[in-house]
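Structure first, commentary second.
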Amino acid sequence: MIFKQSVSDIFRTMALLELEFVDSYLITTRFYPDEISSIIALIGEDKGSVMITLRRSLLKKILSAIMALPEDVIDEEVQNDSIGELINMIAGGVKSRLSYSNIHFMLNIPLIIPDYNQSIIQFKNKPCVVLVYKVGDEYFALRVSLMAFARKN
């Protein structure tokens, strides 16, 4: 899947972290993000969203690897800014890989969700693919909902 390749590329080139793909599954109901999340809308001819959700401890580990800084100096403001950049890089990688296909979209500005007490609703009756990854002993999820993929199923 294009999304798996984009995530793998970002972690390999930017963070130099070992990333393990664990599982994927479909959901059609609302879901609740983890401690911090970022969602980016895919707009234009094809619509959808891509969302990353994870614990702050894992985000700090990832950012420490990318920025070559100790985890304890990565404050909440840096985390909030950086998770938006992370989802932007992943979605941008997907957009680049799809540039020669019949799927066309633009990336909106990422939205940061700094709290897990909110729920996210996907397109009505359209599946959302959840990709689960493991970094060290922690997990994160990438949630993908793209109308063009739903039409093909």
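The values are calculated or read from the model by the stated rules, or taken from the named source; none is laboratory data. Quick caveat: nothing in here was measured; it's all calculated off a predicted structure. Methodologically, a virtual Cβ is constructed for each residue, glycine included, from the backbone with ideal geometry; neighbour enumeration extends over all protein chains shown.
Note on the range 8-60: residues that are out of contact with any helix residue (DSSP H, G or I) (no Cβ under 6 Å at 6 or more places or on another chain) and among the β-branched types (Val, Ile, Thr) amount to 8. Out of the range 74-101, which residues are farther than 23 Å from residue 143 by Cβ and either surrounded by fewer than 11 Cβ atoms within 10 Å (Cβ to Cβ) or among the acidic types (Asp, Glu) (or both)? Those that are farther than 23 Å from residue 143 by Cβ and either surrounded by fewer than 11 Cβ atoms within 10 Å (Cβ to Cβ) or among the acidic types (Asp, Glu) (or both): 75, 77, 100.
For the range 89-111, the set of residues classified as touching a helix residue (DSSP H, G or I) at 6+ places or on another chain (Cβ under 6 Å), farther than 19 Å from residue 62 by Cβ and not in a strand (DSSP E or B) consists of 97, 103, listed by residue number. The one condition from (1) surrounded by fewer than 18 Cβ atoms within 10 Å (Cβ to Cβ); (2) among the aliphatic types (A, V, I, L, M); (3) in contact with a strand residue (DSSP E or B) (Cβ under 8 Å, 6 or more places away or on another chain); (4) under 16 Å from residue 131 (Cβ atoms) that residue 106 does not meet is (4). Of all residues in the range 49-78, those satisfying the criterion of being closer than 21 Å to residue 95 by Cβ and either assigned to a helix (DSSP H, G or I) or of a type in the set (Val, Ile, Thr) (or both) are 50, 52, 53, 66. Annotation note: Cβ proximity below 9 Å between a residue of the range 49-64 that is free of Cβ contacts under 8 Å to residues at least 60 places away in the same chain and farther than 13 Å from residue 81 by Cα and a residue that is aliphatic (A, V, I, L, M) and assigned to a helix (DSSP H, G or I) (sequence gap 6+ or interchain) occurs for 64/15; 64/73.
Let's see how each residue does on (1) more than 23 Å from residue 8 (Cβ to Cβ); (2) hydrophobic (A, V, I, L, M, F, W, C); (3) modelled with pLDDT of 95 or more:
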site: 66; (1), (2), (3): no, yes, no
site: 76; (1), (2), (3): yes, no, no
site: 85; (1), (2), (3): no, no, no
site: 105; (1), (2), (3): no, yes, no
site: 120; (1), (2), (3): yes, yes, no
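Checked against the criteria, residue 81 counts as closer than 17 Å to residue 114 by Cα and either in contact with a Ser or Thr (Cβ under 8 Å, 6 or more places away or on another chain) or part of a helix (DSSP H, G or I) (or both). The condition (being touching a Leu at 6+ places or on another chain (Cβ under 7 Å) and buried (at least 17 other Cβ atoms within 10 Å of the Cβ)) is satisfied by just one residue among 64, 49, 8, 37: 49. Considering 23, 46, 9, the condition of being assigned to a loop (DSSP other than H, G, I, E, B), of a type in the set (D, E, K, R) and either under 30 Å from residue 101 (Cβ atoms) or modelled with pLDDT under 90 (or both) is satisfied by 46 alone. Of all the criteria given as (1) charged (D, E, K, R); (2) surrounded by fewer than 18 Cβ atoms within 10 Å (Cβ to Cβ); (3) over 14 Å from residue 142 (Cα atoms), the one not satisfied by residue 55 is (3).
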